[in-house]
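Before any comments, here is the structure.
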Amino acid sequence: MDQPELDDITAPAGGTLAAAGGGTLSHCPYCAFQCGMTISGPAGAPSIAGDPAFPVNLGVLCVKGYTAGKTIGHPERLTSPLVRNARGALEPCAWDEALGLVSSRLREVQRRHGKSAVGVFGSGALTNEKAYLLGKFARVALGTANIDYNGRFCMSSAAAASLRAFGLDRGLPFPLEDIARTDVILLAGANPAETFPPMMRVIDAHRARGGRLILIDPRRSPTADAATLHLRLTPGTDAALANGILHVLVRDGLIDRDYVASRTEGFAEVRALVATYWPERVERITGVTEAQLVEAARLVGRAGTAMVLTGRGPEQQAQGVKNVLAYVDIALALGLPGRPFSGYGCLTGQGNGQGGREHGQKADQLPGYRRIDDPAARRHIAEVWGVPEAELPGPGRSAYELLATMGDPEGVKALLVMGSNILVSAPDALRIERQLRRLDFLAVADFFLSETASQADVVLPSAQWAEEEGTTTNLEGRVIRRRRAFPPPPGVRTDLEILCALAERLGAGSAFAFSGAREVFGELRRASAGGPADYAGISYEKIDAAQGVFWPCPTVEHPGTPRLFLERFATPSGRARFHPVKHSPPAEVPDPEYPLYLTTGRVLAHYQSGTQTRRVSELTRLAPEATAHMNPATARRNGLAEGDALVLATRRGRAWFTARLDPGLRADTVFVPFHWGGEHAVNRLTNPSLDPVSRMPEFKVCAVRVERADGNGATS
Ligand code: SF4
C-alpha cells in the first residue's frame with residue numbers, strides 16, 4: 001500500500017460565498033459532519049443540494065440533509081412567544097411581555113433562593129457564537145454557576161479521555177480525508193452508514209486502496225457490511241476487549257517500542273495489566289472469540305498505518321472515559337497518534353458538538369476550552385467580559401445532576417433551555433419529567449413546540465439554521481460558516497437577539513451590546529486567545545477563503561492546524577500518557593427479573609430527539625414509529641413476531657414499541673433508537689448511572705425485560 005506524504009493532501013482552498021448555480025452556501029443543521037450545502041428557492045419551500053466543493057462531503061448529503069429545508073416553512077413552526085395562562089394553556093403573547101416575564105421570574109427566583117437557583121441548559125446544536133454567549137449570559141447576566149448542555153450526553157467521555165491521554169481534546173486530530181489513507185481502521189461503537197452516511201465515501205475510498213475495517217458493535221449494523229471483521233461484543237465490555245487486543249499485541253511483539261519510549265509515558269503499568277487479559281478470559285467476558293480477538297490484533301498490529309476511532313458505543317457508559325482510554329492505549333502502543341494517516345479519533349455526533357464544548361456552556365469550562373477553576377483562565381475571561389474575577393461563578397452541576405435535582409432544596413428552581421429537548425434526550429426521563437414539574441419557572445427557546453417546550457411557562461420562538469449567521473466546528477476541528485439564506489419569519493428572533501434582550505432586562509445590557517453573530521465571534525476570538533482551543537486568528541473572511549480553518553489558529557497569519565501532535569503532545573511533558581484500565585461490569589447487568597441488555601442508538605432517518613426530523617414527512621415515512629430491535633430467537637422466546645406491539649421494562653420505567661426482528665443482533669440484547677418521546681421514549685428506561693470523570697450517563701447498557709402489549713399498552 002502506498003504511503004503518501006502529508007503534503008499530498010494539504011487543506012483544500014477555494015471557498016466561495018455563493019454556489020455556482022446561485023443560492024447560499026451553508027452547512028447542514030444536523031450532525032457533526034456539517035456537510036456543505038446550497039440553499040436556494042423561497043423561504044417557504046427551499047431546495048437543498050450538496051456543495052461539491054466542501055471537502056468533507058464533496059456534494060454528498062444524507063436524506064436528513066436533503067430534507068433539512070422542510071423545517072423552515074413548516075406549519076408547526078412557532079412564530080409568536082407563548083405564555084401559560086391561568087387555565088394552564090399556552091397562548092400567544094407579545095415579545096415584550098414574554099421577555100419581561102422571563103427576566104422578572106428569573107430574578108424573583110434568584111432573590112428568594114440565590115443566583116445559582118437559576119439553571120441554563122444549552123445544546124451541541126448551537127453555533128459557536130450562541131454557545132459562547134449563552135455561557136457569558138449565565139455567568140455575567142445571571143451570575144449562576146449552573147449551566148450545562150446536552151453535549152454532556154454525547155462526547156464528554158471521549159473528550160475527558162483525550163485530555164488525559166493527549167492533553168487536548170479535538171474529536172479528530174486529523175482531517176477526515178486522512179481516514180481514507182490509513183491501512184486499517186479499528187472502529188468501536190459507531191455506525192456511520194446510518195448516522196453520517198457521507199463518511200462511507202471515505203470508508204469506500206479506504207477499501208478501494210485495500211484498507212481493512214474492524215468494527216466493534218453488539219449488533220450487525222449497516223456499517224458492518226463494509227467491515228473485514230465484526231466483533232459483536234457483549235454490551236459494556238469494551239475495556240476488556242481493548243485490553244485483550246493489547247495483550248495479543250504485546251505477546252506477538254507488535255508494539256512500536258521506539259515510539260513508546262520516545263513519545264509516551266506509563267506503558268509499563270499498562271503492559272503489566274493487560275498481561276492478565278489473556279484471550280480465553282476476554283472471550284468469557286466479551287463473547288468475542290479468541291480467534292477473532294487475535295485476528296483483530298494482528299490486522300491492526302501489522303498495518304503500516306492505522307486508526308483507532310470511537311463513537312458513542314464505548315463512550316456512553318458509566319465507565320466511558322476508561323473505555324476510551326483502553327482504546328487509546330492500543331493506539332499508543334502501536335505508535336499511531338501524531339503519525340501520518342494514523343492516530344486516535346472520536347467521531348463527534350452533534351452538529352456543533354465540538355465547538356459547543358469549547359466556548360463555555362459546560363459547567364466546568366470557560367471559552368477557549370479553559371477550566372473555570374484555573375485562576376489564570378478566570379482572570380483572562382473576566383478581563384474580556386469586563387467583570388471582576390471574583391464575580392465569576394465557579395463550576396456548576398453537570399447536565400444530568402442539574403436536571404435530576406430540579407426543584408429539590410439543593411437544586412435549581414428555574415431553568416432556561418435553549419435548543420434542547422431534555423424530556424426525550426436525558427436518561428431516566430420519567431424522573432426528569434417529575435423534577436421538571438417541581439420547577440417554579442421554565443422558559444424554553446426553540447422553533448417547534450418540542451416535548452420540553454410544551455411544558456414551559458414561556459416559549460420563545462427562535463430562528464433556524466438557514467435564517468441566521470454563525471460558525472460551527474465540525475468533527476475534524478474545522479471552523480466553518482453557516483450563512484443566512486432567508487430572514488426569520490415575522491415574530492421570530494434569533495437566539496443571540498433573545499439573549500441580548502434578556503441581558504438588557506436583567507441589567508447587564510452593556511456587556512451584551514452585539515449587533516450580530518460577527519461581533520460575538522470577534523469577542524469569542526479574544527476570549528479564546530491563548531487557550532487550548534485558540535480561535536484568535538480565525539475570521540469569517542479566512543473561513544470563506546479556505547473552506548474552514550482548523551483550530552488552534554492563534555494569529556491572523558497562522559494557517560490553522562489540520563493535524564495535531566506531529567511533534568509533541570499537549571501534556572506538560574510533551575508525551576502522551578498510557579492509562580491502565582481494569583474491566584468492571586456495567587452498573588446494571590441482566591438478572592432473572594430483567595434478563596436482557598438494552599442498548600440505544602440512532603437510525604438513518606432521524607436525528608437526536610427528533611424535534612425536527614419527526615416533522616419531515618419524507619423521514620417519518622422511512623422511520624414512522626419507535627421500534628425495538630431484537631434477534632428472532634429472542635422475539636420467539638417472548639412470543640413476539642415482526643410488527644408486534646411490546647413493552648420494555650427496566651427498574652426505572654416502561655415504554656412502548658413495535659418489534660423489529662434483526663438476526664444481526666446478539667440474542668441477549670435489545671436495541672432501541674432514541675428519537676421518540678412520551679411513552680415511546682427509550683430514555684424512560686435508560687440508566688442514569690454516571691461516569692465519575694465525564695459525568696456521562698450509561699445510555700448504552702442496562703438490564704431490560706420484554707413484555708407483550710395489547711393495543712392499549714397493557715401488558716399480558
Ligand atoms: Fe451530512 Fe450529517 Fe447532515 Fe447527513 S445529517 S447531510 S451526514 S451533516
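Summed over all non-identical Cα pairs, the Kirkwood treatment of the chain gives a radius of 25.6 Å. Straight-line cross-link partners of K322 among the aspartates and glutamates, defined as a Cα under 18 Å from its Cα and at least 8 positions apart when in the same chain: D169, D217, D238, E265, E269, E588, D691, E698. If you take the alpha carbon atoms of the stretch 596-708 and fit the smallest convex hull around them, that volume is 104 Å³ per residue.
Classification of the stretch 156-346 by its C-alpha gyration tensor yields a rounded form. The axis ratio a/c (a ≥ b ≥ c) stays under 1.5.
Across the stretch 191-299, counting alpha-carbon atoms alone, Rg and Dmax equal 15.5, 41 Å. Remark: C-alpha extents of the stretch 378-462 on the principal axes read 40, 30, 21 Å, sorted largest to smallest.
The calculated pair-distance distribution of the stretch 183-252 uses every alpha carbon pair, bins of 10 angstrom beginning at 0, and gives 20, 48, 27, 4 percent.
What is the stretch 440-548 by shape, rounded, prolate or oblate, if you read a ≥ b ≥ c off the alpha carbon gyration tensor as root eigenvalues and call it rounded for a/c under 1.5, prolate for a/b larger than b/c, and oblate otherwise? In terms of gyration-tensor shape, prolate.
Reducing the stretch 506-528 and the stretch 179-203 to their Cα centroids gives an inter-centroid distance of 38 Å. If both residues of a DSSP beta bridge must be in the chain, then about 45% of such bridges are antiparallel.
Excluding same-chain neighbours fewer than eight residues apart, the lysines reachable from K115 by a Cα-Cα span under 19 Å are K136, K362, K413. What net charge is computed for the residues neighbouring T144, neighbours being all others with C-beta under 15 Å from the C-beta of T144, Lys and Arg scored +1, Asp and Glu -1? Result for the local shell: +3. With all protein chains kept in place, the per residue accessible area of the chain amounts to 33 square angstrom at a probe of 1.4 angstrom. Surface composition of the chain: carbon plus sulfur atoms contribute 51% of the solvent-accessible area (1.4 Å probe, protein chains only, all chains present). Other residues within the sphere of radius under 13 Å centred on the Cβ of W676, judged by their own Cβ, net out at +1 (K and R +1, D and E -1). Each part gets one Cα centre, and for the stretch 223-293 versus the stretch 60-99 those centres are 49 Å apart.
The values are calculated or read from the model by the stated rules, or taken from the named source; none is laboratory data. As the structure is a computational prediction, the values presented were derived from the model and not from experiment. Counting neighbours? That spans all protein chains shown, and the Cβs are built from the backbone with ideal geometry, glycine included. SASA here: full protein model, heavy atoms, side chains in, ligands and nucleic acids out. Shrake-Rupley method; radii C 1.70, N 1.55, O 1.52, S 1.80 Å.
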